[in-house]
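What follows draws every value from the coordinates through simple rules; no lab data is involved. Just so it is clear, the model here is predicted, and its values are computed rather than measured. Please note: Cβ atoms are built from the backbone with ideal geometry, for glycine as well, and neighbour counts cover all protein chains shown.
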Amino acid sequence: MTTLQPEPGPTTDVRELFLTYLDFYRSSIADTVAGLTEEQLRDYRLPSGWSPIELVKHLAHMERRWLVWGVAGAAIKEPWGDSVGERWTVRPDESIDELLAELRAGGASTRRIVGSRELSSSSATGGRFPKGKEVPPSVAAVLFHVLQEYARHAGHLDIARELIDAGQRTRSSSTE
């Protein structure tokens, strides 16, 4: 089932617009990977060399890095746990179900964090943004960044899914 993209309405509640679109993209990501086999989730279809399950893990970690560690300034375990160097990684024992649960939990955490701050306020220092360095970005700037990450990667995942589905159709028609 494909999630319908929210329609822009007459609201001036920018916070709710950000949160609604982030919810939409999390749901869209889950819909896009639904029904894929374990092999398809871990297969590399694109020259850039990532698998669908790696992208899901990256998004869960990315949102946590920016909102929990960044905006809230909370300590988090393994902020870069989705990658080794420039490469996204998923351990063999990690499942798509647990990574999608992390994605949903991240959304709930984002709503709590954003709900308790003004969009114009600066992110906390001491977590992602060290004390004494440049002024940390505003909550709105972080939300904009996270939203564009989701949008960009949802498009990448759509392409990967199309390639997976096309490969399935090609294999099934060649065996008929």
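When the charge dipole of the chain is built from unit charges on Cβ atoms (+1 for Lys and Arg, -1 for Asp and Glu) and taken about the Cα centre, the candidate among Thr32, Gln148, Gly49 whose Cα reaches farthest toward its positive end is Gln148.
Fully extending the segment from Glu98 to Asp31, taken as 0.36 nm per residue of separation minus the present Cα-Cα distance, adds 22.6 nm.
Rounded, prolate or oblate: which fits the stretch 11-92 when a ≥ b ≥ c are the square roots of the eigenvalues of the alpha-carbon gyration tensor, with rounded for a/c under 1.5 and prolate only if a/b beats b/c? It is oblate, given that a/c is not under 1.5 and a/b is not larger than b/c.
Full extension from Asp158 to Arg112: what is 0.36 nm times the residue separation minus their Cα-Cα distance, to one decimal in nm?
Gain on extension, Asp158 to Arg112, equals 13.7 nm.
Could you compute the longest span of the chain free of chymotrypsin sites (Phe, Trp or Tyr not before Pro) located in DSSP loops and having at most 15 other Cβ atoms within 10 Å, not counting the site residues? Between exposed loop sites, the widest span is 81-176.
The GluC sites (Glu not before Pro) of the stretch 1-108 meeting both criteria, a DSSP state outside H, G, I, E and B (loop) and at most 12 other C-beta atoms within 10 angstrom of the site's C-beta, are Glu86. The separation of the stretch 124-151 from the stretch 72-123, counted between C-alpha centres, amounts to 13 Å. For the chain, the C-alpha radius of gyration divided by 2.2 N^0.38 Å, with N the number of residues, is 1.13. Among the helices of the chain, those built from whole DSSP H runs whose Cα atoms reach 27 Å or more along their own axis and whose mean Kyte-Doolittle hydropathy is at least 0.0 are 14-33, 96-115. With the simple model of a label 7 Å out from the Cα in the direction of the Cβ, Ser121 to Thr20 spans 2.4 nm. Sparsely packed loop sites in the stretch 78-176 (the trypsin sites (Lys or Arg not before Pro) outside DSSP H, G, I, E and B with at most 12 other Cβ atoms within 10 Å) comprise Lys131, Lys133.
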